[in-house]
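Everything below concerns the one structure shown next.
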Amino acid sequence: MVKYPEYNMRQTVPDVQWGAGKESEGKGEETKKPGEGEAQYAGVPAGESCMPCLEMSEEQRKNSILEIQKVAEKILKAHGVLNETADLLKGEWFLKLQKSGFEKKLVLAKYGEEVSIGLYIYSDDIPVPDPNIVLLSQNGFWYPQRIEEKFEETVSSFFAGAYGDYDFLSIIPENLEKFQAFQLDFVKILEDQGWSSSDVKILEKTMPRN
């Protein structure tokens, strides 16, 4: 278990905007009450429901989501797990891929509200992330949570209360910056390796359900 130091609590949708490699942090440190201000996270105003997100133009949505979500959606669509943006709001899914000449396997999965995208080494059938990116999925947008590298973790955000309580989220600003830089590098690796190509072998696949 990772022990987290105490950080100022912020609303689930903090004053941070992610997308296309750009970010901006709010200057205020006070905790906001739900509904106050125009806080944004991944370009989505606080309190917005999922329908406006789906009704965005494709250009607007692509400018609002992380690069890692863009490449993950491309891979998931290439292998038939996602057919349209609305599928992001459906239930859990799982995709495990193998590419000729690569020791690592690529795993993309959604369990509950967490999405993970990772390359894994298997030692005695035990998966070891090298690396794995974990994100919080809400309303079709994925938000930074942590990076897992073998037996180390870099936590960007976490809930201080019970799991599933989305009223407050603790943010570690310096690790958010690390997450942004890391996910851009990871995207380049995945694209260079060509995981959306037709020569990739599907080892396991579970489709999302309503």
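The values are calculated or read from the model by the stated rules, or taken from the named source; none is laboratory data. The model shown is predicted, which means the values in this text are computed figures rather than measured ones. Ideal geometry is used to build each Cβ from the backbone, glycine not excepted, and the neighbour counts take in all protein chains shown.
Taking the criterion of being assigned to a loop (DSSP other than H, G, I, E, B), within 16 Å of Trp195 (Cβ to Cβ) and either in contact with a Cys (Cβ under 8 Å, 6 or more places away or on another chain) or touching a residue at least 12 places away in the same chain (Cβ under 8 Å) (or both), the residues of the range 76-117 that qualify are His79, Gly80, Val81, Leu82, Lys99, Ser100, Phe102, Glu103, Lys104. Of all residues in the range 123-178, those that are at positive phi, crowded, with 17+ Cβ neighbours inside 10 Å and at pLDDT below 85 total 0. Within the range 41-68, if we keep just the residues that are β-branched (Val, Ile, Thr) and outside any helix (DSSP H, G or I), the residue that is modelled with the lowest pLDDT turns out to be Val44. Only a single item in (1) surrounded by fewer than 22 Cβ atoms within 10 Å (Cβ to Cβ); (2) part of a strand (DSSP E or B); (3) at pLDDT 95 or above; (4) in contact with a helix residue (DSSP H, G or I) (Cβ under 9 Å, 6 or more places away or on another chain) is not met by Val71, and it is number (2).
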